[in-house]
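The values are calculated or read from the model by the stated rules, or taken from the named source; none is laboratory data. Please read all numbers here as calculations on a predicted model, not as lab measurements. Using ideal geometry, Cβ is built from the backbone for each residue, glycine included, and neighbour counts are taken over all protein chains shown. These accessible areas exclude ligands, DNA and RNA; they are computed on the full protein's heavy atoms, side chains included. Shrake-Rupley method; radii C 1.70, N 1.55, O 1.52, S 1.80 Å.
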Amino acid sequence: MITSTTDPQPADFADVRATNLAVVLRFVREHAPCSRADIAASTGLNKATVSSLVADLIDRRLVRETGLTENRVGRPATMLVLDGSPYAAIGVEVNVDYVTAVAVDLAGEKLLSWRRSFPGAAVTAAQAVATVAAIVRRVGSRMAREERQVLGLTVGVPGLVGIDGTVRIAPNLGWRDADLCGDLTKALRDPGYPVQVDNDANLAALAEHRFGPRAGTANLVYLTGEIGVGAGVILDGRLRRGGRGYGGEVGHIQLDPLGAECRCGRLGCLEAVAGIGAVLEHAALSPTEVEIELDEVIRLAHAADPRTLTVLATVGRNLGKGVAMIANLLNPELVILGGYYVPLAPWLLPEVEAEMRGRTIAPDGGGCEVVASTLGYGAAALGGAARVLDSVDSGRLPRIS
């Protein structure tokens, strides 16, 4: 018999109210413009409770009234929409060759997007913390000038990130057991808002799920197309990180035990045979200046250079093998190729789709569609901001000033 050491505890009134505030806020986000009566009818909360909750959200400047509508039965109703004008959520991505910072308002509208080159593979975790802290301070100063309160910061990195924000291993950055969350919080001198760290693929998947052209797709996988290859997995509408936060490392599935050496030290990983590094190395180009060399690959592909087309076809087929494993295991509706895969999509996608369909046991690939991301190189940073917004939607609301 399984017993509990503690008796069930009644929910605290403040907890119930916070939960109900989050319910109302999410409803307004998804259905605005809407009325108080719409909220009551759809959520099951009584009208008096809804009125009180809406008043609270208006006081916090999370929701605002936007006039009356007469296109309904009965009296005209006062409509509600998201406000959030005094707030900002910040996301940052640290990668092998760049750092991106994004800030969005409560509705997800971009307030700024910065991207700068960064020698990630050549600096220590401590040096990266200093760089990120400097960027975040600049973003924070910009938001302060606009009289916006920062709700939170999430930083994405390409590696295994524990639930405590420690980067256990990031092979392409050369980091091990880096307390990025703790060190960054100290560098920012306890900024007064939550600081979180997550895997870059997880955050990019969140961005696609909230902001992408197929937003709301319940089952999707995002594949980072950087020097490394990671997967962010959304199943049944929720991000899946695994027991300790280490899920999604498809880049280190071994495809060829005699294949090229991966930066993790193993042979024939998906990342080694289908990552952007593989494209550049097989094309006899340097992987140190990724964007410049990638432009050359694209130029040669447009010119129908036989060697380049062969390289892209091989990488596409190898990537398709990895996508087939994902399709067989998770049966997603959508697999999204991101990062540097996007400009190569015209040549990669046909090979990926053909290989995936040929290797998936379910008919027609199990309904899986493979597409290129439209969110650009800042997808993980945008997803970092989305994670902050998710915490607000879950009830971590800013205090009334």
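For this structure, a couple of remarks:
- Stretchable slack from residue 238 to residue 130, in nm (0.36 nm times residue separation minus alpha-carbon distance): 35.6 nm
- Nearest-10 value in Å² for the accessible area of residue 82, using the 1.4 Å probe: 30 Å²
- Bridgeable aspartates and glutamates around residue 321 (alpha carbons under 16 Å apart, same-chain partners fewer than 8 residues away excluded): 249, 256, 271, 351, 353, 355, 364, 369.
- Segments 390-398, 91-99 sorted - mean Cβ within 10 Å per residue, highest first: 91-99, 390-398
- Largest to smallest accessible area among 85, 42 [probe 1.4 Å]: 42, 85
- Positive dipole terminus of the range 342-401, leading residue within 352, 395, 373 (C-beta point charges): 395
- For a straight C-alpha distance cut-off of 12 angstrom, the aspartates and glutamates reachable from residue 47 (same-chain residues fewer than eight places away being disregarded) are 38.
- On full extension, the segment bounded by residue 19 and residue 359 gains 117.9 nm, given 0.36 nm per residue less the C-alpha separation.
- Heavy atoms of the protein chains alone define the surface here; on that basis the range 204-316 has 44 Å² accessible area per residue at 1.4 Å probe size.
- Distance between the C-alpha centres of the range 79-124 and the range 193-229: 13 Å, rounded to the whole angstrom.
- Under 5 Å from the amide H of residue 230 lie the amide H atoms of 224, each residue being 5 or more positions distant or on a separate chain, with H modelled from the backbone and absent for Pro and chain starts.
- FRET efficiency for the pair residue 169 and residue 214, taken as 1/(1 + (r/R0)^6) with r the Cβ-Cβ distance and R0 = 41 Å, rounds to 0.85.
- Within the accessible area of the range 243-318 (1.4 Å probe), percent carbon and sulfur: 52 percent
- Check: the range 338-401 dipole with +1 on Lys, Arg Cβ and -1 on Asp, Glu Cβ, in debye: 400 debye
- Sum of -39500 (n - 2.57) over DSSP H runs of 4+, divided by residues of the chain (222 nm, nearest 500): -13000 deg cm²/dmol
- Protein heavy-atom surface of the range 157-236, 1.4 angstrom probe: 48% of the accessible area is carbon and sulfur, with nucleic acids and ligands not counted.
- Within the assembled protein chains, the solvent-accessible surface assigned to residue 374 is about 100 Å², based on a 1.4 Å probe.
- These residues, 124, 166, go from largest to smallest accessible area, 1.4 Å probe, as 124, 166.
- Cα pair distances in the chain, grouped into 10 Å bins until the bin that holds the longest one, percent each: 5, 21, 28, 23, 15, 7, 1, 0
- Peptides ranked, highest mean first, by Cβ atoms within 10 Å: ranges 28-34, 321-327: 321-327, 28-34
- Only the Cβ atoms of Lys and Arg (+1) and of Asp and Glu (-1) were treated as charged; on that basis the dipole of the range 241-353 about its Cα centre amounts to roughly 400 debye.
- Here residue 353 sits with roughly 60 square angstrom of accessible surface, probe radius 1.4 Å.
- Projected-area mean, the range 14-94, by convex hull of Cα positions, square nanometres: 6.9 nm²
- The mean sequence separation of alpha-carbon pairs under 8 Å and at least six residues apart, normalised by the residue count of the chain, gives a relative contact order of 16 percent.
- Listed residues 143, 79 arranged by accessible area, highest first, probe 1.4 Å: 79, 143
- DSSP-defined beta bridges in the range 97-213 - what % are antiparallel, rounded to 5: 70 percent
- Cα-based shape type of the range 247-360, given that a ≥ b ≥ c are square roots of the gyration tensor eigenvalues and the cut on a/c is 1.5: oblate
- Dimensions of the range 104-249 along the principal axes, based on C-alpha atoms and rounded to the nearest Å, stand at 39, 36, 27, largest first.
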